[in-house]
Amino acid sequence: MAAEHHAPPEPNHARRFGLIWLVASLIATPIVVLVVGPIMPPGNGSEQASGHVTDNTVLIGMATPVLLLVLLYLIYAIVFFRQPKGAALEGPAIHGDVRIQTTWIVVTSLLVLSLAAYGTVRLLEDGAGSGGGPSPVAVPSGYKLPVQVIGQEWMFTYRYPTYGGVETPHLVLPVNQMVELHVTSLDVIHSFWAYQLGVKADANPNTDNVVFVKPTKLQTFEVRCAELCGIWHGYMFDHGQVVRPAAFKAWIAEQQRRFAPVQKDLPSYSTKYIPEPTRRGG
Amino acid sequence: MSVLAKKLLGIGVGVVIVGVLIGFYVASWATSFPQSVAAVSTRKVAGFSGTQLTLQTVAAIGPKYSPNNPDWVSYLVLDHGKWVHSTVFTVPANSLVHVTVYQYDGDTGLRNPFLAQVQGTIGGTVTVDGKAITSINPEEASHTFAVPQLGLFIPLPGVPEEAKNQCEFAPCLTSEAHRTITFTFRTGAKGRYRWQCFVPCAAGWIDGNGGPMQTLGYMDGFLDVV
């Protein structure tokens, strides 16, 4: 009579792995949200930038359990489903599991749809620092200081329509003042990116792209072009400043005085321009 | 080795060779720079401490300097008495640089009139044919010499259309129709700063912004502050 070999009973892998994942998620997610969240880009230079930090924190908070699920399962499988040395066994046949498949589809769909809903709500608050086109759906209430951003190969210049339409080579904004940026271009497509302010908006020729931003602290911020626009695209950067209202008034008065000689030659302020000349254009 | 394996190996080797050749071509293109020309000390010739940079702008660089693109608009720089086709200039840090531009091209006009104002020079002015000015008529701009990182913007007025004895190809001579623009600016910290023309002056290209406007060595370059 042949001796019967009884393999040790398999543990309930699903329950054990589920428990490991749940505990790891309960520990890691708050740590990620509380430790990594506050240092997420782009910082807290404006209400919109702070909104981005919140959004990024929500994203990593939701992604952490998903990431742990994948990584922990990979490690679990390597440890517990490893083929013994010397054995040449066929793996067991794989069968579908309706419960697992349904759960996976429902949970991931809910995650994605809830993020889409969250993103839509955030966009509708104030545009979240992105360009809303000439007639943005989300318009913050109250007074907004209009400032025009003009892209050209290869620098940005700025016009202040409430200060006689003066044009300046640098961007200076008053702190705690909602600003309405009108972004346009005189030639090719550029993209105005004020990183620390959480603003990025395409600068398209003959188009007015409106974006709102409210700087919340005194700072120097970086301005870059984020659209490959030609040989000097990489050099199309500058630094802007957020200053106190009194300092802003003094600065804009100085700009009006400094650029008075060319003021008469500027076109009347408009939300977009179709500049001439293209005399040598082919 | 089977026939299929030999074919696959041949294709693989061919792809690698073509890839390497493309890589060499791109690397060669990306690292080919015009020679750098140093500004000349002016202590003995102008009576002030600083350096002198002498440039000319021409409507067509001509076959002598650029056989492949003889009709491209361009800058040239004076180096030891000879006009050199280069747009990389070396100047000392924290010092005065006196620039003379002999401008031989006609006007094109600025797309942004704001750049018609002089910015960043000593005194906030330039002299055009001996007359100090703070801005030019934007429609009469032929080129600009602008170093945005240094806040330097110099509009260069064009030679009138009706002027006689216009220069056809570089190098142009001062006996030919031209404008003379001079200015002085102070350099800052050491570094490499790009400079460019803001006038869409590239004939035959979309909006005048292609070709020589997008190629190092014609209407843009570097200012090496050392």
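Please treat every number below as a calculation from the coordinates, not as lab data. What you see is a predicted model, and the numbers here were worked out from it, not measured in a lab. Every residue, glycine among them, receives a Cβ derived from its backbone with ideal geometry; neighbour counts consider all protein chains shown.
Counting Lys +1, Arg +1, Asp -1, Glu -1, what net charge surrounds A:Ala260 among other residues with beta carbon under 12 Å of its beta carbon?
0
Cross-link pairs exceeding 27 Å in C-alpha to C-alpha distance, out of B:Lys131/B:Lys190; A:Lys272/B:Lys131; A:Lys264/B:Lys164; A:Lys264/B:Lys190; A:Lys144/A:Lys249; A:Lys200/B:Lys190, comprise B:Lys131/B:Lys190; A:Lys272/B:Lys131; A:Lys264/B:Lys164; A:Lys264/B:Lys190; A:Lys200/B:Lys190. For segment A:1-109, relative contact order (Cα pairs under 8 Å, six or more residues apart, normalised by length) works out to 23 percent. Against the longest alpha carbon principal axis of chain A, how many degrees, from 0 to 90 and to the nearest 10, is the axis of helix A:98-126 turned? Roughly 10 degrees between the two axes.
Between the alpha-carbon centres of segment A:163-225 and segment B:185-221 there is a gap of 24 Å.
With the simple spin-label model, which puts each label point 7 Å out from Cα in the Cβ direction, the A:Glu222 to A:Leu67 separation comes to 2.2 nm. Relative to the longest principal axis of the Cα atoms of chain B, the long axis of helix B:3-31 lies at roughly 10 degrees. Once both labels are positioned 7 Å from their Cα atoms along Cα-to-Cβ, the gap between A:Gln177 and B:Asn68 label points is 5.1 nm. Computed 3J(HN,Hα) for segment B:204-221, one whole-Hz value per residue from the Karplus formula 6.51 cos²θ - 1.76 cosθ + 1.60 where θ = phi - 60°, is x, 9, 4, 6, x, 10, x, x, x, 7, 10, 10, 4, x, 10, 10, 7, x, glycine and proline marked x. With each label modelled as a point 7 angstrom along the Cα→C-beta vector, the B:Leu173-B:Phe33 pair spans 3.5 nm.
Structural descriptor for chain B: relative contact order 22 percent, calculated from alpha carbon pairs under 8 angstrom and at least 6 residues apart. When chain A is treated as a GNM with alpha-carbon contacts under 10 Å, the residue of A:Ala260, A:Ala93, A:Ala128 showing the greatest mean-square fluctuation is A:Ala93. Counting only Cβ charges, +1 for Lys and Arg and -1 for Asp and Glu, the dipole size of segment A:145-279 around its Cα centre is about 500 debye. Once each of the chymotrypsin sites (Phe, Trp or Tyr not before Pro) sitting in a DSSP loop with at most 15 other beta-carbon atoms within 10 Å is removed, chain A keeps A:144-282 as its longest stretch.
So, R0 is 60 Å and r is the distance between the beta-carbons of A:Lys264 and A:Val79; what FRET efficiency does that work out to, to 0.05? Before the final figure, lay out the partial values.
On the way: r = 78 Å, r/R0 = 1.30.
Computed FRET efficiency for A:Lys264 and A:Val79 comes out at 0.15.
Think of it as helices only: each DSSP H run of n ≥ 4 in chain B is worth -39500 (n - 2.57), and spread over all residues that comes to -5000 deg cm²/dmol at 222 nm.
For chain B, what is the percent of antiparallel DSSP beta bridges, rounded to the nearest 5? Write down the numbers at each step before the final one.
Working: 37 of 52 bridges.
If I count the DSSP bridges inside chain B, around 70 percent turn out antiparallel.
Qualifying trypsin sites (Lys or Arg not before Pro) in segment A:223-282, where qualification requires a DSSP coil assignment and no more than 13 other C-beta atoms within 10 Å, comprise A:Lys264. Nothing charged except the Cβ atoms of Lys and Arg (+1) and of Asp and Glu (-1): what's the magnitude of the dipole of the protein assembly as shown about its Cα centre? Round to the nearest 20 debye. It works out to roughly 1140 debye. Each listed q (0.13, 0.17 Å⁻¹) maps to a log10 I(q)/I(0) for chain A from the Debye sum over equal C-alpha point scatterers, namely -0.93, -1.35. Amide H contacts under 5 Å for B:Ala38: B:Thr90, restricted to partners 5 or more places along the chain or on a different chain, H placed in the peptide plane at 1.01 Å from N. Other protein chain C-beta atoms within 10 Å of residue C-beta, averaged over A:253-260: 1.
What order do you get for A:Ile150, B:Ile206, A:Ile94, A:Ile252 when you list them from fewest to most C-beta neighbours inside 10 Å?
Numbers: A:Ile150 23, B:Ile206 14, A:Ile94 6, A:Ile252 18.
Sorted ascending by nearby Cβ count, the order is A:Ile94, B:Ile206, A:Ile252, A:Ile150.
With 10 Å bins beginning at zero, the pair-distance distribution over Cα atoms of segment B:36-225 amounts to 10, 40, 39, 11, 0 %.
Counting only C-alpha contacts under 8 Å and six or more residues apart, can you give the relative contact order of chain A as a whole percent? Walk me through the intermediate numbers first.
Values: 462 pairs, mean separation 48.2, N = 282.
Computed over chain A, the figure is 17 percent.
Taking Cα atoms only, the orientation of helix A:13-31 departs from the longest principal axis of chain A by about 30 degrees.
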